[in-house]
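S.K.: I have a structure I would like to understand better, so I am pasting it below and will then ask my questions one at a time.
Every number in this text was worked out from the coordinates using simple rules, so none of it is lab data. Since the model is a prediction, treat every value here as computed from it, not as a measurement. Here the Cβ positions follow ideal geometry from the backbone for every residue, glycine too, while neighbour counts run over all protein chains shown.
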Amino acid sequence: MAATFSIAPIGAFTDNYIWLLRQGARAVAVDPGEAAPLLSHLEQHGLELEAILITHHHADHCGGLAALKQARPDAVVYGPPGIAGVDTPLMEGDVVKLSMGEASVLAVPGHTLDHLAYLLDDALFCGDTLFAAGCGRLFEGSPAQMLASLKKLAELPPQTKVYPAHEYTLSNLRFALAVDPANPVLAMRQSRDQALRDRGLPTLPSTLALETASNPFLRSGEPAIRQSLLTQGGQPGDDEAACFARLRAWKDGFRA
């Protein structure tokens, strides 16, 4: 079902986005790593902050909670267990009831073991698990865990809008083109998204249809990707998890 609320990015740090969902005067924030830009936006637009959704424990996603709870004490904080400031711990299968709808909770370990994603109508807030043309680094989870999490997200409806927490698209596209240079969708994305960034606009949201057609981390078992891994030296492995691990390692050391 298409969202009946608006979604706007609030820039934080160098390349983070705090996603703000708004319906009337009520608002929900996703991953406020710092409080100041969010509080400024809320004051400027006269918004009531009813809830905060946290995807994982990294400071650039939850570091603003203490200041936000002091400034907006009525806002309920939802997120993984064990994070200071989270009022309602969540797990796979939970549902967060908000004034603008119900957000389904998906466990997506890989980047971290506690990582969650939230699906509200046709909007997916996926933190650092799935990026436009990329995926998050594996700080805690295994390649198999991240691959399983990405597959879970890829099974959502293709029209689902993807809202990652970082503006990494152009660097991800440079890697994707190195891996899959014959993919025409990637060339289109690079031209379009470079034009957006040149105008100071975000490249997000993406869609799952676009990601499944062009994101190498959602296509790690396909022949074109395996062939590129072979050119990097050695066998990529017989199973998709091994291919994914090689692909993620390649990205970790990629410079372009």
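S.K.: Which ones in segment 131-188 are buried (at least 19 other Cβ atoms within 10 Å of the Cβ), among the aliphatic types (A, V, I, L, M) and more than 18 Å from A242 (Cβ to Cβ)?
M.R.: Result: A132, A133, L153, V162, A165, L173, A176, L177, L186.
S.K.: A further question on this structure: Do the conditions hold for D122, that is, is it of a type in the set (D, E, K, R) and over 27 Å from R255 (Cβ atoms)? Spell out the reasoning first.
M.R.: Working: of a type in the set (D, E, K, R): yes; over 27 Å from R255 (Cβ atoms): yes.
Criteria met by D122.
S.K.: T203 passes all but one of (1) touching a residue at least 60 places away in the same chain (Cβ under 8 Å); (2) more than 14 Å from the chain's Cα centre (by Cα); which number fails?
M.R.: Every condition holds for T203 apart from (2).
S.K.: Answer yes or no: is there a residue in segment 241-254 that is touching a residue at least 60 places away in the same chain (Cβ under 8 Å), part of a loop (DSSP other than H, G, I, E, B) and either touching an Asp or Glu at 6+ places or on another chain (Cβ under 7 Å) or within 23 Å of L119 (Cα to Cα) (or both).
M.R.: no
S.K.: Would you kindly identify the strands (runs of 3 or more DSSP E) lying entirely within segment 1-116 that contain at least 3 residues that are closer than 25 Å to L156 by Cα? Lay out the reasoning, then the answer.
M.R.: On the way: elements: 6-12, 16-23, 26-30, 48-53, 76-79, 95-98, 101-107.
Here the list reads 6-12, 16-23, 26-30, 48-53, 95-98, 101-107.
S.K.: Would you mind finding the one in S191, S206, S228, S214 that is of a type in the set (S, T, Y), more than 27 Å from L21 (Cα to Cα) and buried (at least 22 other Cβ atoms within 10 Å of the Cβ)?
M.R.: Working: S191 fails: buried (at least 22 other Cβ atoms within 10 Å of the Cβ); S206 fails: more than 27 Å from L21 (Cα to Cα); S228 fails: buried (at least 22 other Cβ atoms within 10 Å of the Cβ).
Sole residue among the options that is of a type in the set (S, T, Y), more than 27 Å from L21 (Cα to Cα) and buried (at least 22 other Cβ atoms within 10 Å of the Cβ): S214.
S.K.: Here is a further query. Which one is surrounded by the fewest Cβ atoms within 10 Å (Cβ to Cβ) among residues in segment 41-75 that are closer than 20 Å to T129 by Cα and hydrophobic (A, V, I, L, M, F, W, C)? Show your work before the answer.
M.R.: Taking segment 41-75 first, the residues closer than 20 Å to T129 by Cα are 52-63.
Going one step further and asking which of them are hydrophobic (A, V, I, L, M, F, W, C), we end up with 52-54, 59, 62.
Working: I52: 27, L53: 26, I54: 26, A59: 11, C62: 24.
It comes out as A59.
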